[in-house]
Amino acid sequence: MHTGKLQPDNIVTQPVKAAWLQEKSVELYVLRLDKIHAVVSGNKWFKLKHYLQDAVEKQCKHIATFGGAWSNHIVATAYAAMQQNLSSTGIIRGEEPAIYSNTLQQAKLFGMQLHFVSREAYRNKELIKRDFPGGYFINEGGYGPPGAKGAAEILEHAANPGCYTHIFCAVGTGTMLAGLSLAVQPHQQLTGISVLKNNTTLYSEVLALSGKNNFTILHDYSFGGYARHTPQLLAYMTDVWNRYHVPTDIVYTSKTFYAIEHLVTTNQVPKGAKILMVHSGGLQGNLSLPAGALPFL
Ligand SMILES: *Cc1c(COP(=O)(O)O)cnc(C)c1O
């Protein structure tokens, strides 16, 4: 279990050296947001910070939010609330399990009250909210303008942020992508890799947050959908770790890395490109795998 401090200063821009990049004269750098904290890693801290500030300004003492049993957002919210001396509730999709996932155990350790609702009831968020009067509600995944505003600060942590021609990130709710779209410069091409299958409303949801149409979303790299993964993906993650020392997570960043390699090797990225992949963290989700499934966490 991890309670250590958040350390945004630990973020590094890691160069990747690979034959498939060299052959195409493409450079790849990974912005390691996973270095912020062992559990609250990645984009969640960026997405949450303005919500928490707002809650404190409004003198709300209780944060409530939504997510699944392996949600990076749930555990990050639990931590962020604890840090601000606020109480928190996580409304968890599905019946209470006999044995809590690592994520839920960790959220509890950070002081979060867990409230389980059936998958059916979970769909009606407004009804659930009535059970928590006075709570400061954050949407699932931090979706909303304050979330995008925080994510717009991510690129400031990259070494020489203006030098990249292409920026890639994983997309769940699209809040991070919206934030990046606010931050990229006109010469930078921004691409989001969706982890959801056939999410046809995603583009308009990102557009609604950013107001800019300077991004593309690719839907071909979901490996079957959210939290779906294949033995091939696990083998690929092992390979990426062994070759480049980049740890990836099964839900988001492994699929983004895979997409980048596929796009480069199939000549869909121009010669001379300098790619920045935002490593949005999420490594704690790998604990859902059987022990030893990966050579790293
Ligand atoms: C939540 C999460 C994402 C998706 O972010 P959105 O803003 O919801 O699109 C991507 N990567 C990781 C590791 C995450 O935990």
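The values are calculated or read from the model by the stated rules, or taken from the named source; none is laboratory data. All figures in this text were calculated on a predicted structure; none of them were measured in a lab. A quick note on method: Cβ atoms are made from the backbone with ideal geometry, for glycine too, and the neighbour counts reach across all protein chains shown.
Tabulated data for the structure shown
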quantity	calculated
Selected residue (only one of 203, 258, 221, 226 is surrounded by fewer than 22 Cβ atoms within 10 Å (Cβ to Cβ) and either within 25 Å of residue 77 (Cα to Cα) or basic (Lys, Arg) (or both))	226
Test result for residue 275, in contact (Cβ under 8 Å) with a residue 60 or more places away in the chain, under 25 Å from residue 161 (Cα atoms), β-branched (Val, Ile, Thr) and not in a loop (DSSP other than H, G, I, E, B)	yes
Boolean, residue 196 is assigned to a loop (DSSP other than H, G, I, E, B), within 15 Å of the ligand (Cβ to nearest atom) and without any contact (Cβ under 8 Å) to a residue 60 or more places away in the chain	yes
Cβ-Cβ under 8 Å pairs, at least 6 apart or on other chains, region 29-55 side within 14 Å of residue 253 (Cα to Cα) and at pLDDT 95 or above, far side among the basic types (Lys, Arg) and not in a helix (DSSP H, G or I)	29/274
Residue list for region 156-193, filter: out of contact with any strand residue (DSSP E or B) (no Cβ under 8 Å at 6 or more places or on another chain), in a loop (DSSP other than H, G, I, E, B) and hydroxyl-bearing (Ser, Thr, Tyr)	173
Flag if residue 258 is under 20 Å from residue 180 (Cβ atoms), more than 10 Å from the ligand (Cβ to nearest atom), modelled with pLDDT of 95 or more and of a type in the set (Phe, Trp, Tyr)	yes
Within region 144-181, considering residues that are surrounded by fewer than 24 Cβ atoms within 10 Å (Cβ to Cβ) and of a type in the set (S, T, N, Q), the one nearest to the ligand (Cβ to nearest atom)	173
Some residue of region 204-212 being part of a loop (DSSP other than H, G, I, E, B), away from the ligand (no atom under 12 Å from the Cβ) and on the phi > 0 side of the Ramachandran plot	yes
Elements of type strands (runs of 3 or more DSSP E) in region 60-142, at least 1 residues being modelled with pLDDT of 95 or more, among the small types (Gly, Ala, Ser) and within 16 Å of the ligand (Cβ to nearest atom)	62-67, 87-93
Restricting region 75-97 to residues that are charged (D, E, K, R) and farther than 22 Å from residue 133 by Cα, the residue that is surrounded by the fewest Cβ atoms within 10 Å (Cβ to Cβ)	95
Pairs with Cβ under 9 Å, 6+ apart, first in region 156-181 and β-branched (Val, Ile, Thr), second at pLDDT below 95 and more than 9 Å from the ligand (Cβ to nearest atom)	171/196; 171/199
Per-region count, region 182-193, residues closer than 18 Å to residue 249 by Cα and either surrounded by fewer than 22 Cβ atoms within 10 Å (Cβ to Cβ) or touching a residue at least 60 places away in the same chain (Cβ under 8 Å) (or both)	1
Options 26, 12: the member that is more than 24 Å from the chain's Cα centre (by Cα), closer than 25 Å to residue 155 by Cβ and at pLDDT 95 or above	26
Pairs where the first residue, in region 231-245, is under 16 Å from residue 291 (Cα atoms) and the second is assigned to a helix (DSSP H, G or I) and polar (S, T, N, Q), C-beta under 7 Å, 6+ apart	237/254
